[in-house]
Amino acid sequence: ALGAAELGLPDCSVVKRTLHVGVRRGVDIIEISSKKVHCVIVPTRGMGIWRAESNGVALRWKSPVHGPVHPSMVRLWEPSGIGWLDGFDEFFVRCGLESNGAPEFHPNGTLRYPLHGRIANTPAHRVEIHADSDAGRLTVLGIVDEARLFGNKLRLKAAISIQPDSPAIEVCDTISNLSAIDSELELLYHINLGVPLLSPGAKVLLPLDRLCPRDEVAVGNLPEWDVYGPETPGAPEAVFFCTLRGDAEGRTQAMLKSADGTQACRLHFHLRQLPFFTLWKNRLPPEDGYVTGLEPCINFPNPRSFEQSRGRVDALSPGDSRVFEIRIEGLAGAESVDTAAAEIAALQGEVPPEIVRSPDPDWSA
């Protein structure tokens, strides 16, 4: 453990633990704290964030999986292609890097790409703590390689930062191609919120440019796409694909606000880095995973070959890198929530968004 004196940062601390029970056995976590933020980072799970608190707002969800789960317990390559779900309970998880969407199979039925890719179940091989007293910033830096012989060789350098007097959690990812030949990249940030912030009547606010339902289930939920109804046993997930509007520099926001309007989680990111957005609504009861995902991405989470055919798979030349930045903050109090809502409305502008009434064959596989 490191406190304020060792770090040279007031009211900040770092604690590293190794978990020892059940599917958590062998998982390393790093907890960073300030006056306004508590954040649990999981280097063993691709530098994801298991759960956090910002401004007193709980940033988490109740998963049927009691994690954080060690990657050795996740059957990523099971024949169904959805083994990734065995380890899914983080607030903040990356999907990628070679693939990030629905599972895809070879013509003979064997699995080609598993659901949401490999990066979230790949441990960091180097982790550093940086305390910059001049800048007033505490950073956990982790390096995760997703590489194999005869395949992509990509490196994630993830920096997760807080500041003593700020409610923000700042994520800056640099993804580099380590190969001597071109590599391809898919990336989606699966940012998941559940009880207590999510409840019937909660609302998502987006500066929408265009919104399409992924499938017929989403078509049925289209009139309530931005509002959350009651938990419903057996209800299928509803997914919407979007493009958002931003300011003159391309900066944009997304927010989930509580039903009473007194709490919210707000994301800040850049459309030049993350041009697409997926909204995931899982409407099951809390025991089964009542949760929504706010998901900035460089491509939609369809099978990889579909996204590649539509030109939404990024290409990295040898030695090339891409930088992705997301700022996350909890908002407490109706005044703060209303101010943020007004900022999103200003990004929306007076031109109404395009709401497509059926799945777009260019966006949905």
Report task. Mind telling me which of the residues PRO196, PRO223, PRO207, PRO230 ends up being open to solvent by 20 Å² or more (accessible area, probe 1.4 Å) and under 19 Å from the mean Cα position of the chain (by Cα)? Result -> PRO196
Query - Qualifying residues in the stretch 97-138 (those that are hydrophobic (A, V, I, L, M, F, W, C) and without any contact (Cβ under 8 Å) to a residue 60 or more places away in the chain) - the one farthest from LEU7 (Cα to Cα) - result: PHE105
Requested in this report: Could you list, in sequence order, all residues of the stretch 245-275 that are surrounded by 15 or more Cβ atoms within 10 Å (Cβ to Cβ), touching a residue at least 60 places away in the same chain (Cβ under 8 Å) and over 14 Å from LEU206 (Cβ atoms)?
Outcome: SER258, ALA259, GLY261, THR262, GLN263
Requested in this report: Could you grab me the full set of residues in the stretch 276-300 that are touching a strand residue (DSSP E or B) at 6+ places or on another chain (Cβ under 6 Å), open to solvent by 10 Å² or more (accessible area, probe 1.4 Å) and touching a residue at least 40 places away in the same chain (Cβ under 8 Å)?
Outcome: TRP280, ASN282, ILE298
Query raised in the report: In the stretch 104-147, which residues are of a type in the set (Asp, Glu) and surrounded by 14 or more Cβ atoms within 10 Å (Cβ to Cβ)?
Result: GLU104, ASP132, ASP145, GLU146
Query raised in the report: Does LYS35 satisfy the criteria of being basic (Lys, Arg), assigned to a loop (DSSP other than H, G, I, E, B) and closer than 28 Å to PHE240 by Cα?
Result: no
Query raised in the report: Of all the strands (runs of 3 or more DSSP E) wholly in the stretch 221-299, which have at least 1 residues that are among the basic types (Lys, Arg)?
Result: 251-257, 263-270, 276-282
Query raised in the report: Out of (1) in contact with a helix residue (DSSP H, G or I) (Cβ under 9 Å, 6 or more places away or on another chain); (2) acidic (Asp, Glu); (3) open to solvent by 10 Å² or more (accessible area, probe 1.4 Å), what's the single condition that is false for GLU90?
Result: (3)
Query raised in the report: Using beta carbons and a limit of 8 Å, which pairs, at least six apart or on different chains, have the first residue in the stretch 156-172 and more than 22 Å from GLU184 (Cα to Cα) and in a loop (DSSP other than H, G, I, E, B) and the second one polar (S, T, N, Q) and open to solvent by less than 10 Å² (accessible area, probe 1.4 Å)?
Result: PRO167/SER54
Report summary line: In the set VAL15, VAL57, the lone residue that is touching a residue at least 60 places away in the same chain (Cβ under 8 Å) and among the β-branched types (Val, Ile, Thr) is VAL57
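The values are calculated or read from the model by the stated rules, or taken from the named source; none is laboratory data. Given the structure is predicted, the values throughout are model-derived calculations rather than measurements. For neighbour counting, all protein chains shown are included, and Cβ atoms are generated from backbone atoms with ideal geometry for every residue, glycine included. Surface areas here come from the heavy atoms of the whole protein model, side chains and all, with no ligands, DNA or RNA. Shrake-Rupley method; radii C 1.70, N 1.55, O 1.52, S 1.80 Å.
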